[in-house]
Amino acid sequence: MGAKIAKPLLVLGGGIGGVAAALSLARRGRRVHVLEKAPDLTEIGAGLQLAPNAMRVLDRLGVLDRIKDVAVFPQTLMLLDIATAKRLKTVDLGPAFIARYGYPYIVMHRSDLLAILVEACRDSGLVSFETNKEAVAIEDLHDSAELSCRDGSVYRTEALIAADGLWSLARRTLFSDDPVQTPKYVAYRGTIPISEITLYARPDDLLIWAGPEMHLVQYPVRGGKLYNQVAVFKSDRFRSDSDDWGTPEELDQHFSKACPYVIEAVKEVGRGRRWPLFDRNPIAHWARNRVVLLGDAAHPMLQFLAQGACQALEDGVCIADCMDRHMPDVARAFVAFQNTRFLRATRVQMTARFFEHFWHPKDAAADLRNAYLASHAPDDYAEFDWVYGTRGDGQPCLESNRPLFTDETWATQI
Ligand SMILES: Cc1cc2nc3c(=O)[nH]c(=O)nc-3n(C[C@H](O)[C@H](O)[C@H](O)COP(=O)(O)OP(=O)(O)OC[C@H]3O[C@@H](n4cnc5c(N)ncnc54)[C@H](O)[C@@H]3O)c2cc1C
């Protein structure tokens, strides 16, 4: 075996969470090394909705101008009945929304976001990346952590931030081997050039067509050049021991019950790859000596609130804040991060689960949902404050309103 490679600060995973954390740490003058198992630092998938809580963080990371160049700024979020095309609710995302939260609600291509974050990391001169580096073992050595890769290389670090996603090796090995959970939904998604859209795509709207056990989300990305569509439905063929569920045939069968506009639109959604929707039960412990979980590794959530990447971005700035406050005590910084973040992330995770029922009700439950929506004006934003808002002093609301644990009780947590 070759010599162990020493890296004082190591991030595992070059997704949005890991790269945002690396950039945030670099902004505080810290040198970071990122390991990614894929051959390239790129995102597969399509569009991403980024709410004001994510925009606030991107501003702190100093990349907002670049983001604005490629983002789209919808003026309304519209919820429509998927069968009748009746408009159920409009949320005004215009000036009143921006004035309330200080930032707009944007949509963009997820690979554009990652590319901007990676470029900012490289420009900082403090972040180095290695791709084709798949971690296969992680050891907590109390005063350090050791990470072994499939190619035989071994890294020794004083601080390991594990941002290795839903299937996190770090979570499984050192924290919790809890099974993934699924509401048996699957997503098909993709973008097509806006010029190829056969039906009128509304450039200023984020559209959500919702009905029993299915919905379609539509919005433009990449400065309006591409149109993004995500078709989501509950699979009748789900089996936990098989991958043969959520098939393209089921996609067509579900959406055949939709209105003609949606049926036509879904024909344009690629069938090449499906994304089963998974989350995990929340866990309260993300920090263990010199290892901490971040992003989906810590709090994987269903996409029904469009907050997974937003929360990973919040984690990215919070970890840098905590390291600033507590270094050189890495273990303490990691527990402070966990304590600051876990209730808020858990709230978002649990609310996302509830939103399965909010998007997909039928019969009386649909009447109840629609009556509730009708009782709120397009600029009534109170329901969003807890997740999009600030603490009141303009700072990001990274933590739960009432943390269970304070920094002072950190020692009891490990
Ligand atoms: C259909 C769908 C739509 C979504 N829409 C939205 C949305 O609109 N808004 C939003 O905020 N969120 C959305 N999300 C959620 C969002 O995509 C995720 O929460 C976010 O990407 C998590 O980022 P992450 O960096 O924590 O994890 P990941 O993106 O999973 O990144 C983990 C990285 O770690 C690498 N890795 C894993 N294991 C290893 C290993 N052993 N060794 C080395 N590298 C490793 C992976 O290759 C990957 O690059 C959506 C999710 C889905 C499925």
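The values are calculated or read from the model by the stated rules, or taken from the named source; none is laboratory data. Predicted, not measured: the structure shown is a model, and the values here were computed from it. Note: ideal-geometry Cβ built from the backbone for every residue, glycine included; neighbour counts use all protein chains shown. Only protein heavy atoms, including side chains, enter the accessible area calculation; ligands, DNA and RNA are left aside. Shrake-Rupley method; radii C 1.70, N 1.55, O 1.52, S 1.80 Å.
Step through the residues of the stretch 301-313 one at a time and calculate ³J(HN,Hα) from phi using the Karplus curve (6.51 cos²θ - 1.76 cosθ + 1.60, θ = phi - 60°), rounding each to whole Hz and writing x for Gly and Pro.
9, 5, 7, 5, 10, 6, 10, x, 6, 4, 5, 5, 5
Among 75, 311, 349, which one shows the biggest mean-square fluctuation in a GNM of the chain, springs joining Cα atoms closer than 10 Å?
In the Gaussian network model the winner is 75.
If you average the C-alpha positions of the stretch 105-137 and of the stretch 354-387 separately, how far apart do those two centres end up, in angstrom?
When both Cα centres are located, 36 Å separates them.
Please label the shape of the stretch 280-383 as rounded, prolate or oblate, based on the square roots a ≥ b ≥ c of the eigenvalues of the alpha-carbon gyration tensor (a/c under 1.5 means rounded; beyond that, a/b larger than b/c means prolate, else oblate).
Because a/c hits 1.5 or more and a/b exceeds b/c, the stretch 280-383 counts as prolate.
Any chance you could give the angle, 0 to 90 degrees and rounded to 10, that helix 16-27 forms with the longest Cα principal axis of the chain?
Helix 16-27 sits at roughly 50 degrees to that axis.
Please list the non-local residues whose amide H lies under 5 Å from the amide H of residue 221, H modeled 1.01 Å from N, same-chain partners needing a gap of 5 or more.
Here 226, 227, 228 satisfy the definition.
Tell me, what is the 1.4 Å probe accessible area of residue 30, in Å² to the nearest 10?
Roughly 50 Å² of residue 30 is accessible to a 1.4 Å probe.
Computed over the Cα atoms of the stretch 207-320, what is the convex hull's projected area averaged over all directions, in nm²? Present the calculation step by step, with values, prior to reporting the outcome.
Details: hull surface 39.8 nm².
Computed as one quarter of the Cα hull surface, the answer is 10.0 nm².
Please list, ordered by chain and number, the residues whose modelled amide H lies under 5 Å from the amide H of residue 88; skip anything fewer than 5 residues away on the same chain.
Sorted by chain and number, the residues that satisfy this are 79, 80, 81.
Within the stretch 289-313, whose backbone N sits under 20 Å from a point 7 Å along Cα→Cβ of residue 5?
Answer for this model: 291-292.
Which residue fluctuates most in the GNM of the chain (Cα springs below 10 Å): 321, 151, 59?
Checking each option, the largest mean-square fluctuation is seen for 151.
Tell me what the chain gives for mean residue ellipticity at 222 nm when only DSSP H runs of n ≥ 4 count, each as -39,500 (n - 2.57), the sum divided by the residue total, rounded to 500 deg cm²/dmol.
Mean residue ellipticity, 222 nm, calculated: -10000 deg cm²/dmol.
Given the pairs 89/234; 68/225; 257/362, which are separated by over 20 angstrom at their Cα positions? It would help to have the intermediate numbers written out before the result.
Details: 89/234 23 Å; 68/225 14 Å; 257/362 13 Å.
As for pairs spanning more than 20 Å Cα to Cα, those are 89/234.
What's the local net charge at residue 205, with K and R +1, D and E -1, over the other residues with C-beta under 12 Å away?
Local charge sum for residue 205: 0.
Could you state the angle between the C-alpha long axis of helix 363-374 and the longest principal axis of the C-alpha atoms of the chain, as a value from 0 to 90 degrees rounded to the nearest 10?
Value to nearest ten degrees: 80.
Please name which of 378, 117, 388 has its Cα lying farthest along the dipole of the chain towards the positive end, using unit charges on Cβ (Lys, Arg +1; Asp, Glu -1) and the Cα centre as origin.
About the Cα centre, the residue reaching furthest to the positive side is 117.
Quick one: Cα centre-to-centre distance for the stretch 287-302 and the stretch 144-221, in angstrom?
Each part reduced to its Cα centre gives a spacing of 15 Å.
Under 5 Å between amide H atoms, partner at least 5 residues away or on a different chain: which partners does residue 277 have, H built in plane at 1.01 Å?
Close amide H contacts, sequence-distant or interchain: 185, 186, 187.
Any chance you could give the angle, 0 to 90 degrees and rounded to 10, that helix 110-124 forms with the longest Cα principal axis of the chain?
The two axes meet at around 30 degrees.
Would you kindly derive the ³J(HN,Hα) couplings of the stretch 76-91 from the backbone phi angles with the Karplus curve 6.51 cos²θ - 1.76 cosθ + 1.60 (θ = phi - 60°), listing them in order in whole Hz, with x for Gly and Pro?
9, 10, 10, 9, 10, 6, 5, 8, 9, 6, 6, 6, 9, 6, 10, 9
Semi-axes of the equivalent ellipsoid of the chain: what are they in whole Å, largest first, if each equals the square root of 5 times a C-alpha gyration tensor eigenvalue?
36, 23, 21
Classify the stretch 6-70: rounded, prolate or oblate, from the alpha-carbon gyration tensor (a ≥ b ≥ c, eigenvalue square roots; a/c under 1.5 rounded; otherwise prolate if a/b is larger than b/c)?
Oblate shape, in that a/c is at least 1.5 and b/c is the bigger or equal ratio.
Of all the accessible heavy-atom surface of the chain, with the other protein chains kept in place and a 1.4 Å probe, what percent is carbon and sulfur?
Answer for the chain is 51 percent, counting heavy atoms of protein chains only.
Starting from the Cα gyration tensor of the stretch 158-250, take the square roots of the eigenvalues, sort them a ≥ b ≥ c, and report rounded, prolate or oblate (rounded when a/c is under 1.5, otherwise prolate if a/b is larger than b/c, else oblate).
oblate
First select every other residue whose beta carbon is under 15 angstrom from the beta carbon of residue 152; then total the charges, Lys and Arg +1, Asp and Glu -1.
Every neighbour counted, the sum reads +1.
Taking θ = phi - 60°, what integer Hz values does the Karplus form 6.51 cos²θ - 1.76 cosθ + 1.60 yield along the stretch 149-158, in sequence order, with x for Gly and Pro?
9, 4, 7, x, 6, 10, 10, 10, 9, 8
Counting only protein chains, not ligands or nucleic acids, how are 256, 124, 195 ordered by accessible area (probe 1.4 Å), most first?
On the way: 256 75, 124 40, 195 105 Å².
Order by accessible area, largest first: 195, 256, 124.
Please compute the per residue accessible area over the chain with all protein chains in place, 1.4 Å probe, rounded to a whole number of Å².
Per residue, the chain has 42 Å² of solvent-accessible surface.
Have a look at 364, 96, 145 and tell me which one the Gaussian network model of the chain (Cα, springs below 10 Å) gives the largest fluctuation.
With Cα springs under 10 Å in the chain, the top fluctuation among 364, 96, 145 is at 364.
Cβ under 12 Å from residue 309's Cβ, residue 309 left aside: what net charge do those residues give with Lys, Arg +1 and Asp, Glu -1?
Computed value for this residue: -3.
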